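Report on the following structure.
Please treat every number below as a calculation from the coordinates, not as lab data. Quick caveat: nothing in here was measured; it's all calculated off a predicted structure. Virtual Cβ from ideal backbone geometry, glycine too; neighbours counted across all protein chains shown.
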Amino acid sequence: MKILAIESSCDETAASVVEDGRTVLSNVVASQVKDHIIYGGVVPEIASRMHATAISGVVKKALEDANCTLDDIEAIGVTYAPGLIGALLVGLNFAKGLAYSLGKPLVPVHHLRSHIAANYITSPDLEPPFLCLVVSGGHSHIVAVNSYTDFTIIGKTRDDAAGECMDKSARAMGLDYPGGVNLDRVSKEGNPKAYKFPHPKVDGSKYDFSFSGLKTAVVNTVHNAKQKGEEINVPDLGASCIDTVAEILTGKTMEAAEEFGFTKIALAGGVSANSRLRAKMTERCERNGYKLYMPRLDLCGDNGAMVGAQAYYEYKSGNRASLDLNAFATMPIDEKI
Ligand code: KG4
Ligand code: ZN
């Protein structure tokens, strides 16, 4: 079955046609990154307006690239939460309009579930149950993927997400938005042991994260150096920051895998493109005898293909939205739709 999927939760307007959850027939992404650079981050109002301008062209191109017409499409999948509310509403309303006019089902897709589903496209053999580290600009979760549509949160961040920590650290170092991407690039040759940052203790759950302290420590390191007129070695500071984040994420994921008996581990979300995180996870999974799944690099960031993959499994489990479906800025991944 072919699903037309739409994604507009942040600063990418994306549409895709995916067959049976795993075969991507088209994947069109119109990125707004360049338009937000001068502001140092995503401006929600600009994002919404740009989605509204781009969406019909992006959907049209996705159909053309897939060599399809709307008649070939059996359902419309759409991201409805979590994300920037105005941005989400553009994709959601467009999807509702299509579903209504075509008389075809509307399938609601949770953004983090779709990030996890990017792995089904990359690894056709991957099936739940498995453990997934979901790390994006707004979320950092360790999730048990019990089935395609049933999730248990094992740990999550108490404050900032891993992506937010890297984005703001990068900004303090004078790097452009999106900071995490640029920090990864400039710190490839840096010394990860040049700066020592503590691993935070989080009371309560040993699988919860906290990244705000690390973010502040990196920002303070930059400001203190400036006040003293000292030079910061950006590759070294960047490498030390990323290495600390990657070590915390990998360490807790490995502990959770052992405690909960998972031998299949997946990575998901924009931060899963990070080279040090990928290397650390690869090394640690090999050492522990776990099989590691990572999305292809072009599927780590926001895209429509991952929405189409998850929409297929939501559809198969009977999830349908009525035309009064709203968008939500926040929504737990384990919420029953
Ligand atoms: O999943 P995503 O594209 O959007 C959200 O759902 O938030 O994630 C975006 C986040 C940003 O914080 C961005 O800086 C980060 O992913 N990111 C990276 C890399 N590529 C994207 N962080 C570190 N290294 C990267 N290579
Ligand atoms: Zn995302």
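A few points about this structure:
- Hits in the stretch 141-196 (condition: among the β-branched types (Val, Ile, Thr) and near ligand 1 (Cβ under 10 Å from one of its atoms)): VAL181
- Test: PHE94 is crowded, with 20+ Cβ neighbours inside 10 Å and under 21 Å from THR253 (Cβ atoms): no
- Number of positions in the stretch 155-181 that are more than 16 Å from ligand 2 (Cβ to nearest atom) and surrounded by fewer than 24 Cβ atoms within 10 Å (Cβ to Cβ): 10
- Subset of the stretch 123-144 (residues that are over 23 Å from ALA327 (Cβ atoms) and touching a helix residue (DSSP H, G or I) at 6+ places or on another chain (Cβ under 6 Å)): LEU126, LEU131, CYS132, LEU133, ILE142
- Every residue from the stretch 262-311 that is among the charged types (D, E, K, R) and either under 24 Å from ARG22 (Cα atoms) or without any contact (Cβ under 8 Å) to a residue 40 or more places away in the chain (or both): LYS264, ARG278, LYS280, GLU283, ARG284, GLU286, ARG287, LYS291, ARG296, ASP298, ASP302
- Qualifying position, being away from ligand 1 (no atom under 16 Å from the Cβ) and in contact with a Gly (Cβ under 6 Å, 6 or more places away or on another chain), among ALA311, ALA239, ALA225, ALA257: ALA311
- Evaluation of GLY155 against (1) under 18 Å from TYR207 (Cα atoms); (2) touching a strand residue (DSSP E or B) at 6+ places or on another chain (Cβ under 9 Å); (3) part of a loop (DSSP other than H, G, I, E, B); (4) not charged (D, E, K, R) (one fails), failing number: (3)
- Checking LYS104, LYS60 one by one, the residue that is of a type in the set (Lys, Arg) and either crowded, with 16+ Cβ neighbours inside 10 Å or within 16 Å of ligand 2 (Cβ to nearest atom) (or both) is LYS104 and no other.
- Tally, over the stretch 257-275, of residues that are surrounded by fewer than 20 Cβ atoms within 10 Å (Cβ to Cβ) and within 22 Å of SER240 (Cβ to Cβ): 1
- From the list GLY77, GLY40, GLY83, GLY91, the lone residue that is in contact with a Ser or Thr (Cβ under 9 Å, 6 or more places away or on another chain) and on the phi > 0 side of the Ramachandran plot is GLY83.
- Single unsatisfied condition, GLU335 versus (1) exposed (fewer than 14 other Cβ atoms within 10 Å of the Cβ); (2) in contact (Cβ under 8 Å) with a residue 60 or more places away in the chain; (3) farther than 22 Å from GLY138 by Cβ: (3)
- In the stretch 255-305, residue farthest from TYR80 (Cα to Cα) [restricted to those that are of a type in the set (Lys, Arg) and over 18 Å from the mean Cα position of the chain (by Cα)]: ARG287
- Of the residues making up the stretch 222-238, at least one is more than 18 Å from ASN119 (Cβ to Cβ), surrounded by 20 or more Cβ atoms within 10 Å (Cβ to Cβ) and either more than 16 Å from ligand 2 (Cβ to nearest atom) or not basic (Lys, Arg) (or both).
- Residues of the stretch 108-140 satisfying the condition of being within 11 Å of ligand 1 (Cβ to nearest atom), among the hydroxyl-bearing types (Ser, Thr, Tyr) and in a loop (DSSP other than H, G, I, E, B): SER136
A quick yes/no check of all residues on (1) of a type outside the set (Asp, Glu); (2) away from ligand 1 (no atom under 16 Å from the Cβ); (3) under 16 Å from GLY155 (Cβ atoms):
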| site | (1), (2), (3) |
| --- | --- |
| THR263 | yes, yes, no |
| LEU267 | yes, no, yes |
| ALA273 | yes, no, no |
| LEU299 | yes, no, no |
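- Inside the stretch 300-315, residues that are of a type in the set (A, V, I, L, M, F, W, C) and touching a Phe, Trp or Tyr at 6+ places or on another chain (Cβ under 9 Å) make up a count of 2.
- Pairs, first aromatic (Phe, Trp, Tyr) in the stretch 151-171, second within 16 Å of ligand 2 (Cβ to nearest atom), C-beta under 7 Å, six or more apart: PHE151/VAL143; PHE151/ILE333
- Qualifying residue in the stretch 309-323 (condition: of a type in the set (Phe, Trp, Tyr) and not in a helix (DSSP H, G or I)): no
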